[in-house]
Amino acid sequence: MMRIALAFAAALALTACGQRADLKPLAGEQLPPPPLGASEPKSPEELLTPPTQAAPERSVELRRRSEERADDPFDLPPE
C-alpha cells in the first residue's frame with residue numbers, strides 16, 4: 001500500500017512541474033540572429049515550431065486492389 005501511495009505522489013509531483021509562462025531568453029542572453037533576408041528575429045514559439053519538412057503530413061491512401069508497382073530508377077542492384 002505504501003508503494004502505491006509513493007508512486008501516486010511521484011506521478012503527482014511530475015505533473016505539477018510543467019512551466020506555464022512564456023519562454024524568454026536567459027538574463028544576458030539573446031535570441032539567435034534573424035535568418036538572411038528577415039527583418040526581425042523569430043520569436044521563441046516560432047523557433048520551437050518544426051518546419052514542414054521536419055514533420056511532413058502523412059498520406060493515408062488505402063489501396064483498394066493490387067496494383068503493379070512502377071519501375072523505380074533508384075532501385076539499383078549492388079555493385
* **Positions within the stretch 31-44 being hydroxyl-bearing (S, T, Y) and open to solvent by less than 90 Å² (accessible area, probe 1.4 Å), in sequence order** => S43
* Is there a residue being at pLDDT below 75, surrounded by fewer than 10 Cβ atoms within 10 Å (Cβ to Cβ) and outside any loop (DSSP other than H, G, I, E, B) anywhere in the stretch 15-30? -> yes
* **Residues that are at pLDDT below 80 and open to solvent by less than 90 Å² (accessible area, probe 1.4 Å), drawn from the stretch 45-62** => A55
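The values are calculated or read from the model by the stated rules, or taken from the named source; none is laboratory data. Keep in mind that what you see is a predicted model, and the values were worked out from it rather than measured. Ideal geometry is used to build each Cβ from the backbone, glycine not excepted, and the neighbour counts take in all protein chains shown. SASA here: full protein model, heavy atoms, side chains in, ligands and nucleic acids out. Shrake-Rupley method; radii C 1.70, N 1.55, O 1.52, S 1.80 Å.
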